[in-house]
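S.K.: Quick one: the structure is below, questions incoming.
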Amino acid sequence: MSYKLYGAPGTASMCVHWMLLELGIPFEFVSLDFEKGDQKKSGYLRINPTGHVPALVMDGIAYGEAAALLMMLAERHPDAKLAPAIGAADRALYLQWMMYLANTLMPAFRLWFYSDEGAGPQNVEATKAQARIRIEKVWDRMDALLCDERPYMMGAHLTAVDFLAGMLTRWSRDMPKTAADWPYIKRYAGRVRSLPSYRATHEREGLTGWI
Ligand SMILES: N[C@@H](CCC(=O)N[C@@H](CS)C(=O)NCC(=O)O)C(=O)O
């Protein structure tokens, strides 16, 4: 199996980069420069027509969508047990949280970071206020899941959900309320950040903060 990940430091590609490091498998990382608009250049648009990162070329074929890539990697490397098996008791909860984070939290963050996209540059403040409400509702729900002090989102074991949730909690670090203002998320985020694969991703991407 061969892998080539296209990404940019600290962005949605981070969770895929992190899972590849956790899996300990060989891969190539191509860092795109957003300042130069690399993600909108024709060469990259042939790889990911959305003009977004991540894109992962698996055995010569490119795929996008961070959450889907995490699920694909977990399935292609079942020995790592990063996804509950089909039919396992916690499979439904796993699918629910992957979809919830991808469908609800990621678009809310998109509105927060690309706040002119929602309703134009004249409505940036209102868009950010809406984005913040949506993001904080997810933290409420995530904190309620974690309040039994389970080590990981799905319980005792690290799964693909943690790569997505771990990355997304980091994205709140400069917001008026960070995810770590929720007590059980704070605990959880501390555990996730101490994983060697997380620290290695942080270092390789040259990230600062939230460690
Ligand atoms: N739905 C996509 C969203 C990815 C996304 O929004 N990526 C951002 C970085 S976090 C991006 O590529 N931004 C560059 C741009 O929009 O030009 C996914 O989950 O992969």
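S.K.: Could you say whether any residue in segment 13-25 is more than 30 Å from ASP140 (Cα to Cα), open to solvent by 50 Å² or more (accessible area, probe 1.4 Å), assigned to a strand (DSSP E or B) and outside the structural domain of VAL161 (by TED's automatic domain parsing)?
M.R.: No, segment 13-25 contains no residue that is more than 30 Å from ASP140 (Cα to Cα), open to solvent by 50 Å² or more (accessible area, probe 1.4 Å), assigned to a strand (DSSP E or B) and outside the structural domain of VAL161 (by TED's automatic domain parsing).
S.K.: Oh, and also: Would you confirm, using the coordinates I've provided, whether ARG91 is under 15 Å from the mean Cα position of the chain (by Cα), closer than 28 Å to TRP139 by Cβ, surrounded by fewer than 20 Cβ atoms within 10 Å (Cβ to Cβ) and charged (D, E, K, R)?
M.R.: Against the criterion (under 15 Å from the mean Cα position of the chain (by Cα), closer than 28 Å to TRP139 by Cβ, surrounded by fewer than 20 Cβ atoms within 10 Å (Cβ to Cβ) and charged (D, E, K, R)), ARG91 does not qualify.
S.K.: Related question: Looking at ALA74, ALA68, ALA102 in this structure, which one is in a helix (DSSP H, G or I), open to solvent by less than 60 Å² (accessible area, probe 1.4 Å) and outside the structural domain of SER31 (by TED's automatic domain parsing)?
M.R.: ALA102
S.K.: Considering LEU82, LEU32, which residue is of a type in the set (A, V, I, L, M, F, W, C) and more than 11 Å from the ligand (Cβ to nearest atom)?
M.R.: LEU82
S.K.: Test ALA85 against the criterion of being outside any helix (DSSP H, G or I) and open to solvent by 50 Å² or more (accessible area, probe 1.4 Å), and give yes or no.
M.R.: yes
S.K.: A follow-up question, please. Looking at segment 38-56, which of its residues are more than 8 Å from the ligand (Cβ to nearest atom) and either farther than 15 Å from LEU70 by Cβ or surrounded by fewer than 17 Cβ atoms within 10 Å (Cβ to Cβ) (or both)?
M.R.: Once the filter is applied, which keeps residues that are more than 8 Å from the ligand (Cβ to nearest atom) and either farther than 15 Å from LEU70 by Cβ or surrounded by fewer than 17 Cβ atoms within 10 Å (Cβ to Cβ) (or both), segment 38-56 yields ASP38, LYS41, SER42, GLY43, TYR44, LEU45, ARG46, ILE47, ASN48, PRO49.
The values are calculated or read from the model by the stated rules, or taken from the named source; none is laboratory data. None of the values given here were measured: they were computed from a predicted structure. Cβ atoms come from the backbone with ideal geometry, glycine included; neighbour counts cover every protein chain shown. We work out accessible area using only protein heavy atoms, side chains counted, and drop any ligands, DNA or RNA first. Shrake-Rupley method; radii C 1.70, N 1.55, O 1.52, S 1.80 Å.
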